[in-house]
Amino acid sequence: AANAESGDAQQGKVKFQGCMGCHSLPLASNAYPTYKGPKVAGQHPEYIVAALKGYKSRERTHKTMNSQAGSLSDQDMLDIAAYLATLDGQ
């Protein structure tokens with residue numbers, strides 16, 4: 001199972017930049033399909049990695065997330081999860 005220690009939070013911060021539009025701003029949504037992106041700050045690393053793997057394999061379906069996760073390596077996912085775990089989820 002993934003945990004915050006498995007990834008590099010500093011690298012994750014860089015890798016998360018493209019995700020901020022939908023996952024960091026209040027009331028942010030992507031263009032198509034229109035979807036309010038959930039805030040992921042403070043989320044458990046294991047959940048983030050499982051969700052990203054689900055989008056990459058298309059077990060979870062969302063056009064934008066399938067595309068975004070499809071380009072991530074397992075290490076990218078661990079790094080992003082480690083970064084998100086350092087943030088305040090409030």
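Every number in this text was worked out from the coordinates using simple rules, so none of it is lab data. Bear in mind the structure is a predicted one, so any value in this text is a computation, not a measurement.
Report the relative contact order of segment 44-83, percent, no decimals, based on alpha-carbon pairs under 8 angstrom and at least 6 residues apart.
46 percent
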Fill in the blank from the handout: Contour minus Cα-Cα span, ARG58 to GLU46, at 0.36 nm per residue, comes to 2.5 nm
